[in-house]
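K.L.:
I have a structure I would like to understand better, so I am pasting it below and will then ask my questions one at a time.
The values are calculated or read from the model by the stated rules, or taken from the named source; none is laboratory data. The structure presented is a predicted model; accordingly, all values stated were derived computationally and were not measured. Counting neighbours? That spans all protein chains shown, and the Cβs are built from the backbone with ideal geometry, glycine included.
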Amino acid sequence: MLVLRFPEDFLFGFSESGFQFEMGFRGSEDPNSDWWVWVHDFENIISGVVSGDLPEDGVGYWDLYPHDHELAVKLGMNCARIGIEWSRVFPKPTYNVRVDFERDDAGNIVSIDVDYKALEELDRIANKGALERYLSILSDWRGRGGRVIINLNHFTLPIWLHDPIAVRREGPGKAPSGWLSSLAVVEFAKYATYIAWKLDDLVDYYSTLNEPTIVYVAGYLNAKSGFPPGYINFDFAREAAKNLAEAHARAYEAIKKISTKPVGLINATMAIEPISLEHGELAETANSVINYPVLDAVSTGKSMVFGERRDLANKLDWVGVNYYSRIIVQPANLPLGFRIVEGYGFNCNTIVSLAGRRCSDFGWEVYPEGLYKVLLDVWRRYNLEIIVTENGIADKEDIIRPKYIASHMAMTAKALKDGVKVRGYLHWALTDNYEWAQGFKMMFGLARVDYETKRRKLRPSSLIFKEIAESKEIPEELGEA
């Protein structure tokens with residue numbers, strides 16, 4: 001039996017986001033974000049756009065972080081990806097804090113200078129209570145010997161920057177429109193610089209954005225996603241994509257003026273495969289359009305979605321890979337030349353896929369070899385350090401998760417063996433959480449959460465994670481589906 005081994009300094013850990021994990025006790029609410037307004041909207045609830053579950057009834061990480069960190073250490077974890085909520089740190093607008101920025105002839109923002117005077121002004125209006133709590137959370141984890149990845153934005157925006165209900169009712173031109181406005185690029189650079197200025201001593205890696213492709217696809221192209229603002233328009237999706245790439249690049253530059261730490265971006269990365277081998281070129285086109293528009297832009301300066309922007313190039317030190325399943329494509333008489341085939345990957349919504357593979361409670365096909373393919377693909381495209389920043393499964397009964405964890409960790413180790421510079425594997429998630437429009441229905445945690453008492457109870461699959469993390473080895477055969 002061939003055993004695959006992880007390096008001694010390999011990062012095993014968990015990922016979390018503020019909105020999905022923080023709330024749960026009185027006083028921990030964050031009513032100043034677009035997602036708070038979105039999931040509380042009566043029309044959204046009665047029409048089934050969102051679940052009706054409310055984040056203030058959540059797992060309570062804001063208060064219980066010492067307990068969760070202790071749990072993580074017991075499972076052999078030495079790294080945490082921790083989200084900072086922009087709306088907590090700046091619940092009120094930062095528009096009046098003036099910074100110099102430059103536009104090109106097309107109106108794109110190509111440089112932003114957040115100077116010390118601006119940082120002092122931001123400090124005067126920041127929510128110091130929220131900042132102190134984040135300092136405590138990071139310090140507690142660092143005090144246990146853990147490495148820290150800070151993620152600056154995980155879908156949510158301050159309500160003063162994006163009011164999705166107003167956008168839906170009045171249109172983007174008459175309401176705070178989030179990533180449809182170039183103002184978001186400037187404000188994000190201010191926020192990112194401020195966080196680096198305040199928290200850098202406690203940070204090992206920065207991520208600017210989590211899954212920017214999901215933000216513009218789910219928000220502007222997929223009416224069934226339940227994501228704000230639910231305003232379907234292809235041109236809006238393209239504009240949001242451009243502004244997200246721009247926001248990353250300008251934040252990268254700003255952070256680098258303060259910090260020497262690596263700055264990256266976390267990408268939703270799916271294994272994209274053709275329905276038959278003769279359509280391999282079609283799958284590569286789909287790959288560039290679906291997986292890599294923003295990463296390509298901030299690495300090479302070129303993107304299939306919004307063309308060439310040299311000011312965006314070389315703004316990436318590492319890549320976060322979030323991987324859950326695959327997509328199958330086939331030729332179609334559509335503008336991009338392909339369509340996604342139902343019954344495989346993310347498009348199952350059944351217990352078993354058309355390929356005979358088990359599916360999660362979300363209806364996502366279990367496809368571990370896709371993680372290996374994705375890691376090789378990202379390495380070949382960018383030649384940058386990679387961290388698997390999310391991988392997990394919605395499995396309430398914990399029936400599929402044990403094999404899921406083992407097979408995906410084995411695929412990570414296989415990629416390492418084959419020369420891919422994978423630095424770490426972070427599980428989504430340590431505990432159950434608030435899964436956006438799905439609410440509490442989808443359970444990803446290594447620990448089950450009783451939402452009434454907030455008690456955590458480890459699921460049996462957590463012992464699989466612990467064994468692999470502590471031994472730093474795994475039989476290669478476990479990578480098989």
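K.L.:
Suppose we filter the range 202-226 for residues that are among the small types (Gly, Ala, Ser) and modelled with pLDDT under 95; how many remain?
P.N.:
So the answer is 1.
K.L.:
Another question, if that's okay. Among the listed residues 303, 299, identify the single one that is of a type in the set (S, T, N, Q), crowded, with 16+ Cβ neighbours inside 10 Å, on the phi < 0 side of the Ramachandran plot and touching a Pro at 6+ places or on another chain (Cβ under 8 Å).
P.N.:
303
K.L.:
Scan the range 118-162 for residues that are outside any strand (DSSP E or B), crowded, with 19+ Cβ neighbours inside 10 Å and of a type in the set (S, T, N, Q) and jot them down.
P.N.:
Across the range 118-162, the qualifying residues are 153, 156.
K.L.:
Given the condition over 23 Å from residue 102 (Cα atoms) and of a type in the set (A, V, I, L, M, F, W, C), answer yes or no: does some residue in the range 184-191 qualify?
P.N.:
The answer is no; no qualifying residue exists.
K.L.:
From 441, 414, 403, grab the single residue that is part of a loop (DSSP other than H, G, I, E, B) and of a type in the set (D, E, K, R).
P.N.:
So the residue among 441, 414, 403 that is part of a loop (DSSP other than H, G, I, E, B) and of a type in the set (D, E, K, R) is 441.
K.L.:
A further question on this structure: Restricting attention to the range 270-290, and to residues there that are closer than 21 Å to residue 365 by Cβ and among the polar types (S, T, N, Q), which single residue is nearest to the chain's Cα centre (by Cα)?
P.N.:
287
K.L.:
Can you tell me which residue within the range 163-183, out of those that are buried (at least 24 other Cβ atoms within 10 Å of the Cβ) and aliphatic (A, V, I, L, M), is nearest to residue 41 (Cα to Cα)?
P.N.:
Only one residue tops the list, namely 167.
K.L.:
Let me ask something else. Can you report the number of residues in the range 360-400 which are touching a residue at least 24 places away in the same chain (Cβ under 8 Å) and outside any loop (DSSP other than H, G, I, E, B)?
P.N.:
Number of matching residues: 20.
K.L.:
Would you check if there is a residue in the range 138-149 being under 24 Å from residue 312 (Cα atoms), touching a Ser or Thr at 6+ places or on another chain (Cβ under 8 Å) and modelled with pLDDT of 95 or more?
P.N.:
Within the range 138-149, one or more residues are under 24 Å from residue 312 (Cα atoms), touching a Ser or Thr at 6+ places or on another chain (Cβ under 8 Å) and modelled with pLDDT of 95 or more.
Let's see how each residue does on (1) surrounded by fewer than 21 Cβ atoms within 10 Å (Cβ to Cβ); (2) in contact with a Pro (Cβ under 6 Å, 6 or more places away or on another chain); (3) under 18 Å from residue 475 (Cβ atoms):
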position	(1), (2), (3)
362	yes, no, no
383	yes, no, no
393	no, no, no
399	yes, no, no
415	no, no, yes
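K.L.:
Only one residue in 189, 196, 175 is at pLDDT 95 or above, under 30 Å from residue 235 (Cα atoms), within 24 Å of the chain's Cα centre (by Cα) and of a type in the set (Gly, Ala, Ser). Which one?
P.N.:
Answer to the check: 189.
Here's the yes/no breakdown for (1) touching a residue at least 40 places away in the same chain (Cβ under 8 Å); (2) more than 18 Å from residue 237 (Cβ to Cβ):
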{"position": "271", "(1), (2)": "yes, yes"}
{"position": "280", "(1), (2)": "no, yes"}
{"position": "286", "(1), (2)": "yes, no"}
{"position": "290", "(1), (2)": "yes, no"}
{"position": "295", "(1), (2)": "yes, no"}
{"position": "300", "(1), (2)": "no, yes"}
{"position": "305", "(1), (2)": "yes, no"}
{"position": "308", "(1), (2)": "no, yes"}
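K.L.:
Here's a check for you: in the range 382-404, which residue that is basic (Lys, Arg) and in contact with a strand residue (DSSP E or B) (Cβ under 9 Å, 6 or more places away or on another chain) is farthest from residue 423 (Cα to Cα)?
P.N.:
Among residues in the range 382-404 that are basic (Lys, Arg) and in contact with a strand residue (DSSP E or B) (Cβ under 9 Å, 6 or more places away or on another chain), the one farthest from residue 423 (Cα to Cα) is 396.
K.L.:
Conditions: (1) among the aliphatic types (A, V, I, L, M); (2) closer than 30 Å to residue 230 by Cα; (3) more than 22 Å from the chain's Cα centre (by Cα). Residue 463 meets all but one. Number of the miss?
P.N.:
For residue 463, the exception is condition (2).
K.L.:
Here is a further query. Mind checking whether some residue in the range 36-48 is touching a Leu at 6+ places or on another chain (Cβ under 6 Å) and touching a residue at least 60 places away in the same chain (Cβ under 8 Å)?
P.N.:
The answer is no; no qualifying residue exists.
K.L.:
Have a look at 106, 118 and point out the one that is touching a residue at least 60 places away in the same chain (Cβ under 8 Å) and among the aliphatic types (A, V, I, L, M).
P.N.:
Checking each option against the conditions leaves just 118.
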